[in-house]
Amino acid sequence: LENLQPEIKGLAERLRYEVSVRGKQLGWSEKVARLQFNKNMRRIVSELYVRDNCHPFKATLLVWVQVPMWLCVSLALRNCSVGAAGSEVQEQFSSGGALWFTDLTAPDSTWILPVSLGLVNLLIVEV
């Protein structure tokens, strides 16, 4: 999509000129000329997306898969840490941490893990 922007910009300038010339020939109002420009611009952009096979929805597809996955994993970890999975699992979580988070059932008072997880997810989405 980003590679198409210079081409779209050039086509938009050319189309704006053609619509203004045609509008003066036919006596269109500003509103009619704007509607014609928008209609033709949408058609041109759609043709470019088809030509290069790069519809904007494809760029967001990863996010639509990643968000439900993140929610399910978060809920599963929460259920394990509060004892919904059984006392055996909670016992393992309470003694299985590392570094400053030795008890995985206790909230992180330093906010290092939640903030770093959020930043890593943001980085993944942006990349």
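Things to note:
- Ranking Val21, Ser46, Phe57 by how far each Cα lies toward the positive end of the dipole of the stretch 7-60 (charges on Cβ) leaves Val21 at the top.
- Accessible surface for the chain, divided over its residues, is 80 Å² per residue with a 1.4 Å probe.
- Cross-link partners of Lys9 among aspartates and glutamates (Cα-Cα below 20 Å; sequence separation of 8 or more within a chain): Glu18, Glu47, Asp52
- With R₀ set to 35 Å, the beta-carbon distance separating Met69 from Ile8 gives a calculated FRET efficiency near 0.60.
- Evaluated with a Cβ-only charge set (Lys, Arg +1; Asp, Glu -1), the stretch 1-79 carries a dipole of roughly 320 debye about its Cα centre, given to the nearest 20.
- Expressed as a whole percent, the accessible surface of the stretch 8-75 that belongs to carbon and sulfur atoms is 65, based on a 1.4 Å probe.
- The mean sequence distance of close C-alpha pairs (under 8 Å, at least 6 residues apart), as a share of the length of the chain, puts its relative contact order at 14 percent.
- Gaussian network model of the chain, springs between alpha carbon atoms under 10 Å - residue of Leu15, Leu77, Leu99 with greatest fluctuation: Leu99
- Based on DSSP H segments of at least four residues, each scored -39500 (n - 2.57), the chain has a per-residue ellipticity at 222 nm of -25000 deg cm²/dmol.
- Computed over the stretch 60-126, relative contact order equals 20 percent, with contacts defined as Cα pairs under 8 Å that lie 6+ residues apart.
The values are calculated or read from the model by the stated rules, or taken from the named source; none is laboratory data. Given the structure is predicted, the values throughout are model-derived calculations rather than measurements. All Cβ positions, glycine included, derive from the backbone under ideal geometry; neighbour counts span all protein chains shown. We work out accessible area using only protein heavy atoms, side chains counted, and drop any ligands, DNA or RNA first. Shrake-Rupley method; radii C 1.70, N 1.55, O 1.52, S 1.80 Å.
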